[in-house]
Amino acid sequence: MGEKLFRGQILDFLEDPGVTETTLEALRYLEDGALVTGADGCVLEVGPYALFRAKYPGAAVHDYTGRLIMPGFIDTHIHFPQMQIIASYGRQLLDWLTRYTFPAEAQLQNAALAKTLARDFVRELLANGTTTCLAFAAESAVSAEALFEAAIEWNMRMISGKVLMNRNAPAVIKDSAAEAYTESEALIRKWHKRERCLYAITPRFAISCDMEELKMAGRLHAEYPETYIQTHLSENRDEVATTLGLFPGCRDYLEIYEQAGIVKDRSVFAHGIFLSDSELDRLASTGASIAHCPTSNLFLGSGLYDLRRAKTHGVVTSIATDVGAGTSFSLLQTLNEAYKVQQLQGCTLDPLTAFYMITLGAARTLKLEDKIGSLAVGSEADFVVIDYQAQHLQALRMQYLQRTGHWNL
Ligand code: GUN
Ligand code: ZN
């Protein structure tokens, strides 16, 4: 009872295509497949439609023949308040924050506006196939409350937290270490593990947080070790220079976060473009990961992230939109730009690795691979349906692949 059978082409990953003998070993693909879900909202089984139609006679059939069923996409770095300022042009990071970002984030102290925008944000994510995200709210606790509420309304998996910042920002969006602790702890107790919500302790970056604030974040994480930590690291040359000027006792950017106790295996650092070999090695040894945000890096002119170099050092990279420095909610568009960023450095991002990175790969970085990122038995029934005919050009491209036999994997 309550079983549903989704028919279509089914694709998910069993492993990272970069580490298997052949890329095909890394994935499961069924041309005419059935994804069967139970009344508890979890995956019961995936198999051939011809067999499963008879095996699950009571299941309600949802027919997506000719379309692709995949695990929902996972965006590992995005800013909820910044959907309002996408494409605010003409500045690089530090000026962009001052001129566009801080004023937009200040608006989210208004609970009614935060609520409306949170619903728009969640709808926009889902419309783009993103069913899980690791998101910055704004500095106000109400912005985080609004986001979690909206996520629950749509049953989305939302990992988020109020932004911590106690300096170098307008007074209205600054907190103190003590306030930040109290508010964050209250939010953790209320939202962490409620429905599909999880909490991320969210120091903006070292320019916005003094060592007291950063250490508070580390202490809070030690008290609630199942929370996440999200921040920015080494995104822009001026940012790196300013940061090192603020912490003269630290030999590099990462050491600031190390001293604060926030470099953990549940830490996700956005960008990481200008890291030294030593910083990459230290990141790898802790199991912290980098969220690569290509549309943002291109839009702000920050630089080109070297995926291959990070991998050589053993650092795991996921892919993220970083809206609103990033210019699209779509992880497909984001992969498109990630491909070009690697091309400019003489490296090819193959499509299977790319799709792994926004599904199982990202789930693994978030330690959620038992719940999302694949269609394995017992996973949450969290998937998207991609229509190859959605755009005329896409349909033509598909017809070409079918005509030439390049379609078959
Ligand atoms: N560094 C600190 N804050 C931000 C932000 O909001 N966006 C980006 N791209 N980088 C940051
Ligand atoms: Zn960001």
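Below 8 Å between Cα atoms, with a sequence gap of 6+, how large is the relative contact order for the stretch 12-116 in percent? Relative contact order here is 14 percent.
Going from the fewest other Cβ atoms within 10 Å to the most, the residues 158, 70, 211, 216 appear in the order 211, 70, 216, 158. Please give the FRET efficiency for residue 178 paired with residue 127, using the beta carbon to beta carbon distance and R0 = 41 Å, rounded to the nearest 0.05. According to the calculation, E is roughly 0.55.
Given the alpha-carbon gyration tensor of the stretch 335-376, what are the semi-axes of its equivalent ellipsoid in whole angstrom, ordered largest first, with each equal to the square root of 5 times an eigenvalue?
25, 9, 7
When the P(r) of the stretch 130-263 is calculated, the portion above 22 Å amounts to 35% of the C-alpha pairs. Applying D = kT/(6 pi eta Rh) to the stretch 121-172, where Rh is the Kirkwood radius over alpha-carbon pairs, T corresponds to 37 °C and eta to 0.692 mPa s, the Stokes-Einstein value obtained is 278 µm²/s. Considering only 20, 37, 327, the mean-square fluctuation computed in a Gaussian network model of the chain, springs between alpha carbons under 10 angstrom, is largest for 20.
For the stretch 58-124, pairs of C-alpha atoms spaced more than 18 angstrom apart make up 57 percent of the total.
Reducing the stretch 92-167 and the stretch 191-218 to their Cα centroids gives an inter-centroid distance of 14 Å.
Residues 62, 192, 392 in ascending order of nearby Cβ atoms (within 10 Å, fewest first): 392, 62, 192. Cross-link partners of residue 215 among aspartates and glutamates, defined as those whose alpha carbon lies under 16 angstrom from its own and excluding same-chain residues fewer than eight positions apart: 175, 179, 183, 185, 223, 255, 258. The equivalent ellipsoid that matches the C-alpha gyration tensor of the chain spans semi-axes of 36, 24, 20 angstrom, in descending order.
The local environment of residue 322, defined by Cβ-Cβ distances under 12 Å, has a net charge of -3 under the rule Lys, Arg +1 and Asp, Glu -1.
Estimated from helices alone, the mean residue ellipticity of the chain at 222 nm is -11000 deg cm²/dmol (sum of -39500 (n - 2.57) over DSSP H runs with n ≥ 4, per residue).
Readers should treat all values here as calculations from the given coordinates under stated rules, not as data from a laboratory. Predicted, not measured: the structure shown is a model, and the values here were computed from it. Cβ coordinates were reconstructed from backbone atoms using ideal geometry, including for glycine residues, and neighbour counts include every protein chain displayed.
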